[in-house]
Amino acid sequence: MHHPARLLPKCLLNHVGSHRRTSLRLVLGRALATQADSNVFAPLDTFTDRHIGPDNNETSYMLSQLGYDSMDAFIGATVPGKIRVSASDVSDESIPPLSESELHRRAKELASANKPFKSYIGMGYHTAVVPPVILRNIIENPAWYTPYTPYQPEIAQGRLESLVNFQTMVMSLTSMDIANASLLDEATAAAEGMVMAYAQSAQKKRTFFVDKGVSPQTLSVLRTRAKGFGIELVIGDAADVSDHLSSGKVCGVLVQYPDVDGHIRDYGSLAETVHKAGALLICGTDLLALTMLKPPGEWGADIVYGNSARFGVPAGYGGPHAAFFAVTDALKRKMPGRLIGRSRDTMGRPAYRLALQTREQHIRREKATSNICTSQALLANMAAMYAVYHGPEGLRNIANKVHRFTQVLKSSVESAGFKVANDEFFDTLTVNVAAKGGLNAQAVHDAAAAVGINFRHVDDAHVGITLDESVGPRDLVDIINVFKASASSASVALADLKVPNELCIPSSLQRTSKFLPHPVFNSQHSETEMMRYIYHLQSKDLGLVHAMIPLGSCTMKLNSTSSMIPLTWPEFSAVHPFAPKDQVKGYLEMIKELEEDLCKITGFHSCSLQPNSGAAGEYAGLTVIRAYHESRGQGHRDICLIPVSAHGTNPASAVMAGLKVVPVKSLPDGSLDLDDLKAKAEKHKDNLAAFMITYPSTFGVFEAGVQDACRTIHENGGQVYLDGANLNAQVGVTNPATCGGDVCHLNLHKTFAIPHGGGGPGMGPICVAEHLAPFLPTHPIVATGGDKAIDAVAAAQFGSASILLISWAYIKMLGGRGLSDSSKIALLNANYMANRLSGYYNLRYKNHNGRVAHELLIDLAEFDKAAGLKVTDFAKRLQDYGFHPPTCSWPISTCMLIEPTESETLEEIDRFCDAMIQIHQEAQDIITGKQPKDNNVLKNAPHPPQVIALPDAEWSRPYSRMTAAYPKPWLLEKKFWPTVSRIDDAYGDLNLICDCPSVEETAGDA
């Protein structure tokens, strides 16, 4: 392996020692510092050098290995010249950089601009109490927030177990048969339920009934989703649904339990009526309430959804939060989202893995009815740990306290002359303030604001109040005294308050069934045991704390500590999404700055930060395009051209937006077939709505004809959606607008450093050209978007707003030049890796200069032909070397897609390449007959400790334990072990088990 130390002057080589690049960088840093003209007032804690892995010397070395003497020459050979943008477009003048300490001060300024009001607004959002053991050891712990989605289960057993805990928690509390591993938010979960009901009717019943007690943000998202599928949304009183059901056109009915106003209604008879009509009953609910309420599964619900955030996840001005989604057994194979199931490994040991993956959109493509490509794994894990920590008894105690406080509040406001509209409730009251001498609700809101309190604005006569775990006795007294003051009554003290004896929950709807009997929810209740459990699980998972994660199309770069720190400050984390604008000036300023910077980076006019995943951004962008066509009297345009190489979410999103997908061919070199595109664009010119293209392509190349492709679409009346999944290759080099796009989405969890969290959160904002700006999504509570806005695409107006702080900080600390340099180094790292591997693996696609973009596609088909070795065998063997495998079998089934990112050092890149080259040699040993085809290090990989520890009598492998576990010397010093051997996927799908082991099973394992 070559080393940049060889390029150093001899006077420095003496200090480098034994090729340790850590020492090399220190020596280089000292040498350069003495040579440079220094400014004593310039900050020393600049971020770019911390974020970008290779230093200047390593960069020069990699360029020389590729045959270039400058970065400009390399970029010129990699990116087509006609799409290059000026260096001034993304520069330190357009986006001035802040040092890490300057960013910290700026974040503090913005935090102080948010007013610390106590919000009792409710509507699915609460001020959660995050146990410190969970705050510090999960959400602030890179071992939990840096891993990727657990597609490689042998090195992800920890978070898989925790997600099974989440599924089990949901199943137990809702009394449903099966639950998934979380969805994006409550409103989009409701929309998924609606589409499931529509699909269950074989897409024949197009009417969906929604009870008027459902939250307004949910109604708005339902309207958006219904339009794309041609579903008629009817909103009314569920008690009057019979007339609609008799039409035979209703596919489903949706209710909320308790509803947005706090009412608790018995929907048992409604369930029977709905089922007799051949429809599904969908129920939105609250997990804490279900510790006291009869669960929906016991009164006939088919689908149950909600927000799990009050289980220890901060409000965060709207998120991120993990929605839950549970269904009956009959619906399990149509359930959207990820599902974790139990299977077994090759030794017969239990092991977890993603189950029923054939349901996922990247396989079903245009046949999918959901484009869900991620979940909210990190937040689901927090909610699950909250349940583990408190256990069933602790959860019931919390719920009982919340309910009792609400009872005290009810009796107190009624004693002041007000009328509570709902006599039966869990935690929410709707107070008729007009009953007190015609008092206007605004007077109560003003009185509340004067003492730092927010209530829900219902109408001129009513005020809504929702209590939660954070409410203490003093808070309760303060709330009561707002009403006392509004009624000109004497204030009260805590000693004046009395707790009613009877619950304000109908006896027929009080829960009698037990919940969470599983050992995991009844064991870790001390902080010591909880801490050990969290660390035990994290020890099973490979994250960026261990090694690079070179997943193509995923951009697993550094999630810096500096950008993460503000996330958990209470000034940001404890803010309700529907707090008045004058209380969130810091948030709004940060959001405005981020929107402006994203527009500078993309070259577009306007931005919406509402979509809370990449796929949600695709859907939002296409929906905006449809609204634009409709505004021009061209609503009939419904054809979407999509390359066959596109990510599976593209066709799924198009179908959800009401578009018909027409595939476009690729040429043998991987580039888009422009002739086929032109032919199909002209064929469908009267109905062409959009063209979706990923750039650089999913084959890892900058295609020279992208502008020609976009021009063809525009000439035939369509709009261009440029998928921003690969934007990390573009920043400061080109941009979507220059390429010819009209709209793009951005994966903030890729290019802009929001952590993947083991499978979420993410954010997928869209940037649009000026003519599309009027159609950006609005929100029913806090208006956003343009004057012709589409309805909401997420529950909160800015999606998962709190994690926007991370991307804002990332951009501000890098500044324009640092952002541009990051993309250039990402391109360089990928090309250097392609160069090193080219003599061993078939590089499937490259441009006419032999260059790839920020990722490379290697084809392993030759090894299958010669020795029966599959992509999976190479992937599992990489685990033995301590690496997370690249993206496997996508976009081509025989390939690996590798993306190193700019954050990885030359040493780490070389280490990965050394591992791949060694595996190539291991494959050659099988091809040449030195190792058998059916019993070798690749077919048997990975090799966890229990395999290595087999007695000699059971070791039947024609290679040594040393070869299995320590194929390279560095592993003797630092080794990440898979915790199970290869998992049997087929067994897990045939024997679907998606909950925690029972008491009996746990005892049997002991």
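Key figures for this structure:
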quantity	calculated
Calculated log₁₀ intensity ratio I(q)/I(0) where the Debye formula runs over C-alpha points of region 815-974, q = 0.13, 0.16, 0.19 Å⁻¹	-0.65, -0.93, -1.22
The chain, accessible surface, carbon-and-sulfur percent (1.4 angstrom probe)	50 percent
Theoretical FRET efficiency, 1/(1+(r/R0)^6), r = Cβ-Cβ of Asn842 and Asp708, R0 25 Å, to 0.05	0.30
Nearest-ten-degree value, helix 157-174 long axis tilted from longest Cα axis of the chain	20 degrees
Base-10 log of normalised Debye intensity for region 606-800 (one unit scatterer per alpha-carbon) at q = 0.08, 0.13, 0.16, 0.18 Å⁻¹	-0.23, -0.63, -0.96, -1.22
Kirkwood Rh in Å, taken over all unlike Cα pairs in region 221-345	16.3 Å
Of all DSSP beta bridges in region 586-701, antiparallel share, percent nearest 5	10 percent
Rounded FRET efficiency, nearest 0.05, which uses the C-beta distance separating Glu589 from Gln442 and R0 of 25 Å	0.40
Backbone N under 19 Å from the Asp934 label point (7 Å along Cα→Cβ), restricted to region 859-875	864-870, 873
Subset of Lys846/Lys968; Lys870/Lys939; Lys660/Lys680; Lys870/Lys930 violating a 20 Å alpha-carbon distance limit	Lys846/Lys968
Proximal lysines relative to Lys82, as straight alpha-carbon distance under 16 Å, when same-chain residues fewer than 8 apart are discounted	none
DSSP beta bridge pairing in the chain, given as percent antiparallel to the nearest 5	50 percent
Cα-projected label distance for Glu715 with Ser508, points at 7 Å along beta-carbon direction, nm	6.9 nm
Distance (nanometres) between label positions extended 7 Å along Cα→Cβ at Arg349 and Thr561	3.3 nm
Extension gain from Lys865 to Ala986, taking 0.36 nm per residue of separation minus the Cα-Cα distance	41.2 nm
Exceeding the 19 Å Cα-Cα cut-off - candidates Lys876/Lys933; Lys865/Lys933; Lys824/Lys876; Lys115/Lys581; Lys204/Lys334	Lys824/Lys876
Phi to ³J(HN,Hα) by Karplus 6.51 cos²θ - 1.76 cosθ + 1.60 over region 818-823, Hz, x for Gly, Pro	x, 5, 5, 4, 4, 5
Where labels lie 7 Å past Cα in the beta-carbon direction, separation of Asp459 and Glu596 in nm	4.1 nm
Packing rank of 751-762, 280-291, 84-95, where each peptide gets the mean count of other beta carbons within 10 Å, highest leading	751-762, 280-291, 84-95
14 Å reach of a label modelled at Asp582, 7 Å along Cα-to-Cβ, counting backbone N of region 484-511	none
Average accessible area per residue (Å²) across region 815-974 - probe 1.4 Å, nucleic acids and ligands excluded	35 Å²
Euclidean distance of C-alpha centroids, region 876-947 and region 200-223, integer Å	48 Å
Surface accessible to a 1.4 Å probe, per residue, for the residues of region 466-520, Å²	53 Å²
Protection-proxy order for peptides 332-343, 509-520, each taking the mean of Cβ atoms within 10 Å per residue, highest first	332-343, 509-520
With 20 Å bins from 0: P(r) over the chain, alpha-carbon pairs, percent	13, 45, 34, 8, 0
Ordering of 243-256, 522-535 by packing [mean C-beta count within 10 Å, highest first]	243-256, 522-535
Nearby lysines by direct alpha-carbon distance to Lys788 (threshold 17 angstrom, same-chain neighbours under 8 apart not counted)	Lys227
Förster radius 25 Å - calculated FRET efficiency between Ser893 and Gln203, Cβ distance, rounded to 0.05	0.25
Between region 440-481 and region 700-775, the alpha-carbon center distance in angstrom	44 Å
Partners for Lys685 among aspartates and glutamates (Cα-Cα distance below 13 Å; same-chain residues under 8 apart left out)	Asp638, Glu715
Angle between the chain longest axis and helix 674-683 axis [Cα atoms, degrees, rounded to 10]	40 degrees
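The values are calculated or read from the model by the stated rules, or taken from the named source; none is laboratory data. Predicted model, so just to flag it, every value in this text is computed and none were measured. Every residue, glycine among them, receives a Cβ derived from its backbone with ideal geometry; neighbour counts consider all protein chains shown. Just the protein is used for accessible areas: all its heavy atoms, side chains included, with ligands, DNA and RNA removed. Shrake-Rupley method; radii C 1.70, N 1.55, O 1.52, S 1.80 Å.
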